[in-house]
1. List the pairs whose first member sits in the range 124-138 and is among the hydroxyl-bearing types (Ser, Thr, Tyr), whose second member is assigned to a loop (DSSP other than H, G, I, E, B) and surrounded by 11 or more Cβ atoms within 10 Å (Cβ to Cβ), and whose Cβ atoms are under 9 Å apart, counting only residues at least 6 apart or on separate chains?
2. I'm told residue 136 meets every condition in (1) surrounded by 13 or more Cβ atoms within 10 Å (Cβ to Cβ); (2) under 16 Å from the mean Cα position of the chain (by Cα); (3) polar (S, T, N, Q) except one. Can you identify the failing condition by its number?
3. Go through (1) in contact with an Asp or Glu (Cβ under 7 Å, 6 or more places away or on another chain); (2) surrounded by 13 or more Cβ atoms within 10 Å (Cβ to Cβ) one by one and return the number of the condition residue 170 breaks.
4. Could you look through the range 187-198, keep only residues that are of a type outside the set (A, V, I, L, M) and surrounded by 15 or more Cβ atoms within 10 Å (Cβ to Cβ), and pick out the one that is modelled with the lowest pLDDT?
5. Would you confirm whether or not the range 61-78 contains a residue that is modelled with pLDDT under 95, among the hydrophobic types (A, V, I, L, M, F, W, C), surrounded by 13 or more Cβ atoms within 10 Å (Cβ to Cβ) and over 24 Å from residue 175 (Cβ atoms)?
6. Within the range 162-171, does at least one residue satisfy the condition of being modelled with pLDDT of 95 or more and acidic (Asp, Glu)?
7. Looking at (1) in contact with a Phe, Trp or Tyr (Cβ under 7 Å, 6 or more places away or on another chain); (2) surrounded by 16 or more Cβ atoms within 10 Å (Cβ to Cβ); (3) closer than 20 Å to residue 112 by Cβ; (4) of a type outside the set (Lys, Arg), can you tell me which one residue 146 breaks?
8. Check whether at least one residue in the range 21-33 is over 25 Å from residue 110 (Cβ atoms), modelled with pLDDT under 85 and not assigned by TED's automatic domain parsing to the domain that holds residue 89, and report yes or no.
Amino acid sequence: MVVESDLGCKDTSQTIPFTVKPSPEADYTISDDIVYIRKEILFFDESTGLPTSWFWFFDDSVTFNMPIPETSIEQNPSHFWLEVGVKHVFLVVTNAFGCTDSIMKKIIVKLDAAIPTGFSPDGNGQNDILFVRGGNYIQFDLKIFNEWGELIFVTNDPNEGWDGTKNGLPVPIGVYVYSFYAIRDDHKLFNEHGNVTLIR
């Protein structure tokens, strides 16, 4: 194209074609709304922009300076944690043009249902009460029996623990049997029996 000014000056312009390479946008979802310790979680790539490679970091440190994080190059990997707390999962995606994008999300790992093998209701403020830990329950039933099968404690309240008494009086030291039935808010069912040792 040729342009001319009022003074008779002329100039030309040239069109130079170029291609804008698309960039990916990283994103992912996980299989469970609530993440519990030692439970395998599936990660689903939801990235756009036609990524062709994926790189995942699974760690509890934002800078990943502390122990070497576990990694994966699968598109939809799985992972589980052995400790509770706030974890960070970092995904880097790359497309065929070499363009990259990344995203990091926080994952809160909670304790699964756990009943201690022993407790010591001696009034020192440490380990004095037997509690069931591990989540929010929509149904809960905990029973404690002595060695003769006599029911000495029962509760339907997960916030109520056994203090080692029956009718307000301390029970002898020894091994007691528990029966635990519950349904957690993620609909996981627990139906467990076992022993707990009371010491003072």
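1. Pairs found: 137/113; 137/158; 137/185.
2. All conditions pass for residue 136, except number (1).
3. Here residue 170 clears every test but (1).
4. That would be 188.
5. Checked against the condition, which is being modelled with pLDDT under 95, among the hydrophobic types (A, V, I, L, M, F, W, C), surrounded by 13 or more Cβ atoms within 10 Å (Cβ to Cβ) and over 24 Å from residue 175 (Cβ atoms), the range 61-78 yields at least one hit.
6. Yes, the range 162-171 has at least one match.
7. The number of the failed condition is (3).
8. Yes: the range 21-33 contains one or more residues that are over 25 Å from residue 110 (Cβ atoms), modelled with pLDDT under 85 and not assigned by TED's automatic domain parsing to the domain that holds residue 89.
The values are calculated or read from the model by the stated rules, or taken from the named source; none is laboratory data. Just so it is clear, the model here is predicted, and its values are computed rather than measured. Note that each Cβ is placed from the backbone with ideal geometry, even for glycine, and that neighbours are counted across all protein chains shown.
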